[in-house]
Amino acid sequence: MHLCLALLWTLSAAQAPPPPPAALPPAKQILDRYVEVTGGRAAYEKGKHRTLTGTFELKGMGMKGSLLLQQSAPDKMRTQIDVPGVGSIVKGTDGIQAWEVSAVTGPRLLEGTEKSEALLEAAFDADLHPERTYAKMETVRVEDLDGKPAYVVELTPKSGGAPRVSYYDKESGRLIKFTATATTAMGEVHAESRLEDYRPEGGIVVPHRVTLAAMGMEQVLTFDTFSMDPVPAATYAMPAEVKALLQPAPAPPETAPAPAPGK
Amino acid sequence: MRRFPQALAVVGLAALLAAACRPARAPSSMPPDLQARNLASFDRVWSTVRDRHWDPGLGGLDWEAVRTELRPRVAQARTQEEARAVLSEALARLGQSHFAIVPAEAYADLPGGTGEEAGTAGLSTRILAGRAIVSAVIPGSPADQAGIRPGWIERAIGGQEVAPAVEGIARGMQDGPFRWALQALTVDARWSGPSGKPVEATFDDGAGQEVRRTVVLGPPSGTPARLGWLPTQYLRFDSRTLAGGAGYVHFNVFLDPPTLMPAFEGALDRFRAAPGLVLDLRGNIGGIGLLAMGIGGWLVGDRNRELGTMTTREGTLRFVLNPRTPVFDRPVAVLVDEVSISTAEILAGGLQDLGRARVFGSRSAGAALPSAIERLPNGDGFQYAFANYVRTGGQPLEGRGVLPDVEAPLTREALLAGRDPALEAALTWIRERAVP
């Protein structure tokens, strides 16, 4: 989910891409067009903060909760999902560290690829400056999506990992689908997202509904409000329970530790 | 209104129950719109299994033939119960847990429902030597106030003989923990109904005398826990210090993390100086699978350790523990029995495989498949497993369960004597581990 939300804002390309196959426009051109058709560079450059609220739903399962996404330039991000019966799941980054606090599994400091992906997702201006985020961008083909042609663009993050594949509607220039492999604590998860219901918010046209399919499940994210008002810096501060993970382990107790069972 | 045994919705045993009680076929007299919704429901169930079961080959089962055979019977069903039984029979052909039909009536306790069905007697049942035995009575509960004691044989509940139901389930099912769990939960379901309802019952007491008792069902005990289309469950959490100083924790479902996790953490905080912890998962019917990781994270300090893996058609996910600080590093004894189901088995088996806990009791149900619940066009719930769960050693839990390190099965004699063999064995082990 976090990946899905973040990729709404990090969809662009890299510097000096190789020439695309004949008849295919350069990927940079497709991504620039996306910025233009969704509000233009000036509108994108105006905003330094984003706050989205909405709902999160596991389709067909009767599980629905609230959703909050906050993001500030250049590299801060926080998402929170609250689902009745499950509790709260918060993911965040201050641009240096990335973490998760889950009512189910507790606080966790993200590391390795998982951390890299979280930092990548938080890149606020990735649409305007894709070269800062992606090492390679390539238009690979035109593919029919729901009967309409779409440009398929592969984006390879600088931080490594598999390319993210974005589908831009040839006619409207809008992003309508993307696929990516997200690294989670439980392993890699391939996710496919569909973006719909584009409407203007704060000078930018944004999708208000994202349907994400992963591991055979469908999650529907619906955005109700959008704001570009400043987000307090404290929003992105590392939670105390995550900070505690960075502290040295306490001294062992006086009594002996557990022996191996089976004796 | 008949109450659906809520526990079955969790463990997915309703399909097997329905298969054991297949109704006779009859010409349809059902309203056409309901018949159409039942057929749509059958189609949804059939296609979901075809598309979502982790094994595309369904273990060799001819799923097309199942549709050809059973779909016409949905069209012929005279009542909802008959239609539902056909759907359940289709799922029973898979021979796996966590495939079940949840009657629409079970959703009466959703917000806006009456909630009047949630009364409780405060006792639980186990099947010992083929007989339904009272295995526990909550102190102060209606059953306790009625004078019912552990070890008594349940002969009749609410005017219905218990033995036929127990024997009916036994037909067509292999003898073992899974069957005993279904039988026990079915008998326990007889003790449900609206709070305030009197339930008359007949027992054989410890002296071999037939005794009659009337239990006035009390309000549900525990914290109501809702999760999607799962009918409301009640989380009961108990922690205390046992004789000798060992800590003891028991909870009945892995639900409601905002309540369960702080309660578990608080208990561990109190037990940090204890010689050990007894984690009693007997009678725990499972819930949110990821909570096994959450609970396990308090007990295992090493990073990158896992309880096992779940495999879907789309890939494999590891149940990796997230170590919590400060980790509880005392000896841990886990108690299981045949009504330790699903997530309870994932946690018990995982801790056993990691060498972090020693397991006492009797073999668990062997019903541990990650599942989801959806609503069908006819209003029923549909639970289906979408993944297989495999222990770190490579063996699936499904059909095998967790075999205790120390077998200490419950017996009627022990119950009548007020003894708990599994707990006694666990405490002995902890005592032997204690540092002088």
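At q = 0.22 Å⁻¹ the log10 of I(q)/I(0) for the stretch A:122-262 amounts to -1.54, computed by Debye summation with a single uniform scatterer per C-alpha, solvent ignored.
Dipole of the stretch A:104-189, Cα-centred, from +1 at each Lys and Arg C-beta and -1 at each Asp and Glu C-beta, to the nearest 20 debye?
Values: 11 positive and 15 negative charges, 17 e Å.
With Lys and Arg at +1 and Asp and Glu at -1, about 80 debye.
Helix B:80-92 and the long axis of chain B differ in direction by around 60°, with both axes built from C-alpha atoms.
The long axis of helix B:343-353 is offset from the longest Cα principal axis of chain B by roughly 40 degrees.
Residues whose amide H lies under 5 Å from that of A:Y134, counting only those 5 or more places away or on a different chain, are A:K158; hydrogens are built 1.01 Å from N in the peptide plane. Mean-square fluctuations from a GNM of chain B, with a 10 angstrom spring cutoff on Cα atoms, peak among B:L268, B:L182, B:L34 at B:L34. A simple count of charges around B:F237, restricted to other residues whose Cβ falls under 12 Å of its Cβ and scoring Lys, Arg +1 and Asp, Glu -1, yields -2.
Separation of the alpha carbons by more than 31 angstrom is noted, of A:K48/A:K177; A:K64/A:K170; A:K48/A:K136; A:K136/A:K177; A:K59/A:K158, for A:K64/A:K170; A:K59/A:K158. For the Cα atoms of chain A, what angle does the longest principal axis make with the long axis of helix A:27-37, in degrees from 0 to 90, nearest 10? The two axes meet at around 90 degrees. Estimated from helical segments only, the mean residue ellipticity of chain A at 222 nm is -3500 deg cm²/dmol, where each DSSP H run of four or more residues counts as -39500 (n - 2.57).
The 3J(HN,Hα) values that the Karplus relation (6.51, -1.76, 1.60; θ = phi - 60°) gives for the stretch B:323-330 are, in residue order, x, 9, 10, x, 6, 7, 10, 7 Hz. Gly and Pro appear as x.
Here the spin labels are modelled as points 7 Å beyond Cα on the Cα-Cβ line, and at B:T79 and A:K59 they lie 3.7 nm apart.
Residues whose amide H falls under 5 Å from that of A:A150, counting only those 5 or more places apart or on a different chain, are A:E143, A:D144, A:L145, A:K170, with hydrogens built in the peptide plane. Only helices enter the 222 nm calculation for chain B: every DSSP H run of n ≥ 4 contributes -39,500 (n - 2.57), and dividing by all residues gives -9500 deg cm²/dmol, rounded to 500.
Quick one: B:M310, B:M173, fewest Cβ neighbours within 10 Å first, how do they rank? Sorted ascending by nearby Cβ count, the order is B:M173, B:M310.
Averaged over the residues of A:236-245, the number of partner chain Cβ atoms lying within 10 Å of the residue Cβ comes to 1. The local environment of B:T214, defined by Cβ-Cβ distances under 13 Å, has a net charge of +2 under the rule Lys, Arg +1 and Asp, Glu -1. Listed by chain and number, the aspartates and glutamates whose C-alpha is less than 14 Å from the C-alpha of A:K115, apart from same-chain residues fewer than 8 away, are A:D75, A:D94, A:E100, A:E188.
Below 8 Å, C-alpha to C-alpha, sequence gap of six or more: please give me the relative contact order for chain B in percent. Walk me through the intermediate numbers first.
Details: 991 pairs, mean separation 71.4, N = 436.
That works out to 16 percent.
Show me the trypsin sites (Lys or Arg not before Pro) within the stretch B:273-330 that DSSP assigns to loop and that have at most 10 other Cβ atoms within 10 Å of their Cβ. The partial results should precede the final answer.
Working: sites: B:R282, B:R303, B:R305, B:R313, B:R318, B:R324; in loops: B:R282, B:R303, B:R305, B:R313, B:R324.
Sites meeting the loop and neighbour criteria: B:R303.
Compared with the alpha-carbon gap, the fully stretched path from A:K158 to A:T225 is longer by 20.9 nm at 0.36 nm per residue. How many angstrom lie between the Cα centre of the stretch A:104-163 and the Cα centre of the stretch A:221-250? Each part's Cα centre sits 22 Å from the other's.
Ordering B:G355, B:W429, B:F328 by Cα displacement along the dipole of the stretch B:299-433 toward the positive end leaves B:F328 in first place; charges were set at the Cβ atoms of Lys, Arg (+1) and Asp, Glu (-1).
For A:M63, the residues 5 or more places off, or on other chains, whose built amide H falls under 5 Å of its own are A:L58.
Remark: B:I133, A:I89 ranked as A:I89, B:I133, counting other beta-carbon atoms within 10 Å and listing the fewest first.
How charged is the neighbourhood of A:L58? Take every other residue with its Cβ under 13 Å from the Cβ of A:L58, and add Lys/Arg as +1 and Asp/Glu as -1.
Working: positive: A:K59, A:K64, B:R375; negative: A:E57, A:E218, B:E374.
Counting the neighbours of A:L58, the net charge comes to 0.
When N counts the residues of chain B, how does its alpha-carbon radius of gyration compare numerically with 2.2 N^0.38 Å, as a ratio?
Values: Rg = 21.6 Å, N = 436, 2.2 N^0.38 = 22.2 Å.
For chain B, the normalised Cα radius of gyration comes out at 0.98.
Rounded to whole numbers, the Karplus 3J(HN,Hα) couplings from phi for the stretch B:200-205 are 8, 9, 10, 10, 9, 7 Hz, using 6.51 cos²θ - 1.76 cosθ + 1.60 with θ = phi - 60°, and x at Gly and Pro. Calculated translational diffusion coefficient of the stretch B:181-320 (10 °C, 1.306 mPa s; Stokes-Einstein with Kirkwood radius over alpha-carbon pairs) equals 87 µm²/s. Extents of the protein assembly as shown, largest first, come to 89, 75, 44 Å (Cα atoms, principal axes, whole angstrom).
Residues A:H190, B:H53, arranged from fewest to most other Cβ atoms within 10 angstrom of their Cβ, appear as A:H190, B:H53. Net charge dipole, chain B: roughly 240 debye, given to the nearest 20, about the Cα centre with Cβ charges of +1 for Lys and Arg and -1 for Asp and Glu. Projecting the Cα atoms of B:I285, B:L317, B:G193 onto the charge dipole of chain B (Cβ charges, centred on the Cα centre) puts B:L317 farthest toward the positive pole.
Every number here is computed from the coordinates shown, using simple stated rules; none is lab data. What you are looking at is a predicted structure, and each value in this text was computed from that prediction instead of being measured. Note that we place each Cβ from the backbone using ideal geometry, even for glycine, and neighbour counts take in every protein chain shown.
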